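Just dropping this structure here.
The values are calculated or read from the model by the stated rules, or taken from the named source; none is laboratory data. It should be emphasised that the depicted structure is a prediction, and the values quoted were computed from it without experimental measurement. Cβ coordinates were reconstructed from backbone atoms using ideal geometry, including for glycine residues, and neighbour counts include every protein chain displayed. These area figures cover heavy atoms from the full protein model, side chains too; ligands, DNA and RNA do not enter into them. Shrake-Rupley method; radii C 1.70, N 1.55, O 1.52, S 1.80 Å.
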Amino acid sequence: MTTFLGMPTTAPRGVGNLRGDEPFPAAARKALGNAQLRRNLGHATTTIRAKSGAVIGELPDWQELRTAGSALKADTMARLPELLVQLEEKVTAAGGVVHWAADANEANRIVTELVQATGHDRVIKVKSMATQEIGLNEALEAAGIEPVETDLAELIVQLGHDKPSHILVPAIHRNRAEIREIFLREMPGVDPALTDEPVILAGAARRYLRETFLSTKVAVSGANFAIAETGTLAVLESEGNGRMCLTLPETLITVMGIEKLVPTWQDLEVFLQLLPRASTGERMNPYTSMWTGVTPGDGPQNFHLVLLDNGRSAVLADEVGRQALHCIRCSACLNVCPVYERTGGHAYGSVYPGPIGAVLSPQLTGVEDNASLPYASSLCGACFDACPVKIDIPSILVHLRNEVPHPRAEQAVMASAAYTMDHPKLYAAAQHAAKLSRFSGRRLPPPFNGWTASRDLPEPPPETFRDWWAKR
Amino acid sequence: MRIALFVTCLADTMFPAAAKATVRLLERLGHEVVFPAGQTCCGQMHINTGYQKDALPLVRRHVRTFAPYDVVVAPSGSCVGSVRHQHAMVARAAGDEGLAARAEDVAGRTYELSELLVDVLGVEDVGAYYPHRVTYHPTCHSLRMIRVGDKPQRLLRHVRGLELVELPAAEQCCGFGGTFALKNADTSTAMLADKMRHVLGTGAEVCTAGDSSCLMHIGGGLSRLDAGVRTVHLAEILAATEAA
Amino acid sequence: MSSKDLMLGRIRAALGDTAPPAGIPRDYRGDRVADLDLLVHRLEDYRAVVHRGVPIAETVAALAPAPLVVPPGIDPAWLPDGVKVLPDEGLSADTLAVAGGVLTAATVAVAETGTIVLDGSPDQGRRIISLLPDLHICVVRADQVVASVPEALTRLDPGRPLTWISGPSATSDIELNRVEGVHGPRRLHVILTEALS
Ligand code: SF4
């Protein structure tokens, strides 16, 4: 028995960004009222779907790559303990220091203390979902350390005092005109003649961050992949802010969820083909940095790797739900999701929005804390088809719906419906009762008024099929 | 061929026209249709709403009812999807391996209407006549769960008098999703609004699909708008003839 | 109990007797012959400028970057006369940031994706030198070009710091449209030469 070492545990409350303030339907209702948001999201997701579809179409072996990616992740999860230990050995042998963080609080404390030990009070950050998940920025600020987000979309979010709404493009809910306004209002030293041309806006971010890159001694990053066999870490990015953070500072601290492991160097050949095409719709993203420990004379001479659990072991304990840990954070499932496209990411309450968020967040926190998310889907299945590692999100959603606490009234309705349908005579009687009631005015009382607010119900037919059949 | 009709609870109760059309069509093609008594509902609503345990007796009933038949047809991609992809899972979750095996066996002989026609019976021209401008909505479960592909369109293209017009963004969900339409009514309505905009943009008189549920949703919205576009099940179009 | 033991214990408890899959189906493509024309097309598609079959020093001279940063192991034959050259012997970030450009070799180039990979060898230098100058001129030999990602990985040493570059710095963060020019070099020129004989 190994359970004496503790059972899998969900992410703690009171820290991090995995729980929303209100249930999905209420948050979605507000978002749906924002026409600008709908237009921005519709435009952006349509663009990325077309781009991604085109470059995926160039690969005749896309399905074979997906199959391999899926199997590699299943293999990784099944062998996670040995692979993590192997990674630690390799990173340590290459001059890095590995830390284990059981939850968000521990990870925040480790990173804060590591920064404090350098004597510096500012860090530059490469976009990282894991650090957003644990609320690292808030923890650093509380300790008097300034975190500077360097990814353009993160910068837009940070300057706009906003929240991220997409895994890959956290400011996807903003259009160019809104970004220009945020820059004009919040970016010190910005050219007042700034236009809303994307090239001009990108140039403004370049000028604004340049001095910070050159003078900051500590960086915090996430990781897209970690190779157990070699101890190599990989960060995929576009702008070069990642290269800046991974190359210029003296100290680099990487925070990584334990599921980011890949067994061997060769295995990267699958993920490096899947991720850029599914994610930004590029054959390859502009920059990928790979490093193993410390390279004397090149890049940061102090490297720390923080391995984060924060509920992942609880996800792993669920045989159906654990495939959510296969996610490589490409965001393809968000980009094809008809629900996400209309509500945007904030409605999901967690840093992980969209279809993957709807299955990952409730598992990380325990379903009670995100009980509405498994229902935030029409089960249309577009996410499953888009996912480069073939995560069967609809099946996980259906599975999790069995675990959430159900409203009492609904339980009663469902139980009696099942009983009726298991008794054909009762069933036929119920059919006739429905026919006779003739829902007057075609508007129903709650909870069915959700339907009749915007749609008519069909007139019940004069006779059911089985009556007709019986008379034949 | 002797074909057992799995009518589905929705078609039985609310849309018998689609079920009757299925019978007429198959009989016209020279097949014998039987209606196994004792069938009610596949349990999909329970399963998809998180009431898998309540669905277990329904799965058991469905498997018992259809086990004696070689070929089962349903005029619904969604219910066939549930039979194929969920019944064995429900049985397994309840620890009943025997039921799971029987469920898989029945699922292997259960077809959605367009699958039955094209794959099993080998017909694409069913001899139908339907002189209308029609657009086809490929429902999510037909498209992505059981992957009927372009079989419905192939059948529709052979219908005399029918003008098939392409539906923009056809593969996007109409927003029905079973209890999703109740639990997330606002989001569902927003999805429906876009679907209706696309349907109306085609100038079609009729919007068809292989699922009464999605048609009820789209049709309910169109009716509220008084849009003048009707929703008609694929089976009804394929059953229509010049004589009728 | 250490956090390491705690986490490993939790993971083991979560996995129970989960077995790894029997094997990894690797039915995707590999072991193909590189197509140089494809590399050129893919580089240009992502806004890199390609010079093919031209004298290196003259091409560098025509781009006229001054001063020109070079790694310590650069081939002296590539250096044009009359251009101020700054060999990297630990140049400061501030010096690099105002340099006119940098000239490096490469380790591997991937035709299908339009990618060049640098591995910090003496003719490629520290990562910082190809990052801060606004113009990166990279010399790629034909025998360094591989067809696709799998072939590239077999040629690379994971122990070295690797930088995979596909076009100039870019972002898709504004309305998900790709625009060039953020923090990395805004101009990427690739000089494609014959194989070493
Ligand atoms: S679940 Fe799949 S599609 Fe969604 S972000 Fe993760 S890898 Fe991408």
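Mind listing the long-range amide H neighbours of A:T10? Cut-off is under 5 Å, sequence gap 5 or more, other chains count too, H placed in the peptide plane at 1.01 Å from N.
The answer is none.
Assign unit charges at the C-beta atoms only (+1 for Lys and Arg, -1 for Asp and Glu), then state the dipole size of the protein assembly as shown relative to its Cα centre in Debye, rounded to the nearest 20.
Dipole magnitude for the protein assembly as shown comes out near 2840 debye.
Let me ask something else about it. C:R42: accessible area at probe 1.4 Å, nearest 10 Å²?
The value for C:R42 is about 30 Å².
Mark the label point 7 Å from the Cα of A:A117 along Cα→Cβ and return the residues of segment C:1-25 whose backbone N is within less than 16 Å of it.
From segment C:1-25, the list is C:3-4.
From other protein chains only, count the Cβ atoms within 10 Å of every residue's Cβ in C:16-23, then give the mean.
Across the residues of C:16-23, the mean count of other-chain Cβ atoms within 10 Å is 5.
Quick one: which residues, 5+ away or cross-chain, put their amide H under 5 Å from the amide H of C:T115? H built at 1.01 Å from N.
C:V110
Of all DSSP beta bridges in the protein assembly as shown, what percent run antiparallel (nearest 5)?
About 25 percent, rounded to the nearest 5.
Loop-only trypsin sites (Lys or Arg not before Pro) in segment C:74-140, please: DSSP not H, G, I, E or B, and at most 11 other Cβ atoms within 10 Å.
Listed in order of number, the matching sites are C:K84.
Which cross-chain or sequence-distant (5 or more) residues have an amide H under 5 Å from the amide H of B:E163, H modelled 1.01 Å from N in plane?
Correct list: B:H132, B:R133, B:V134.
Calculate the length of the line joining the C-alpha centroid of segment A:159-227 to that of segment A:117-135, in whole Å.
16
List the longest stretch of chain C that has no exposed loop site; here a site is one of the GluC sites (Glu not before Pro) assigned by DSSP to anything other than H, G, I, E or B, with at most 15 other Cβ within 10 Å.
Longest gap between qualifying sites, sites excluded: C:90-193.
Quick one: what are the phi-derived ³J(HN,Hα) couplings along segment A:9-24, Karplus 6.51/-1.76/1.60 with θ = phi - 60°, whole Hz, x for glycine and proline?
Here the 3J(HN,Hα) series is 10, 7, 5, x, 6, x, 9, x, 10, 10, 10, x, 8, 9, x, 3 Hz.
Sort A:R180, C:R47 by heavy-atom solvent-accessible area, probe 1.4 angstrom, most to least.
C:R47, A:R180
Quick one: accessible surface of B:D54, probe radius 1.4 Å, all protein chains present, in square angstrom to the nearest 10.
50
Pop out a list of residues from segment A:215-260 that are at least 40 Å² less accessible with all the protein chains around than in their chain alone; 1.4 Å probe, no ligands or nucleic acids counted.
Relative to the lone chain, where solvent access is computed with a 1.4 Å probe, segment A:215-260 loses at least 40 Å² at A:E239, A:R243, A:M244, A:T247, A:L248.
For chain C, what is the mean residue ellipticity at 222 nm derived from helices alone (per DSSP H run of n ≥ 4: -39500 (n - 2.57); sum divided by total residues; nearest 500 deg cm²/dmol)?
That comes out to -6000 deg cm²/dmol.
Continuing with this model, one more query. May I ask you to evaluate 6.51 cos²θ - 1.76 cosθ + 1.60, the Karplus curve with θ = phi - 60°, for each residue of segment C:146-162 and list the ³J(HN,Hα) values in order in whole Hz, giving x for glycine and proline?
10, 6, 8, 4, x, 5, 5, 4, 5, 8, 9, 9, x, x, 8, x, 10
May I pose another question? Can you work out the Karplus-derived ³J(HN,Hα) for every residue in segment B:71-82? Use 6.51 cos²θ - 1.76 cosθ + 1.60 with θ = phi - 60°, whole Hz, and x for glycine or proline.
Going residue by residue, I get 9, 10, 10, 9, x, 7, x, 5, 5, 5, x, 5 Hz, with x marking Gly and Pro.
Under the rule that a partner needs its Cβ under 4.7 Å from the first Cβ, which Cys of chain A have none?
A:C245, A:C327, A:C330, A:C337, A:C387
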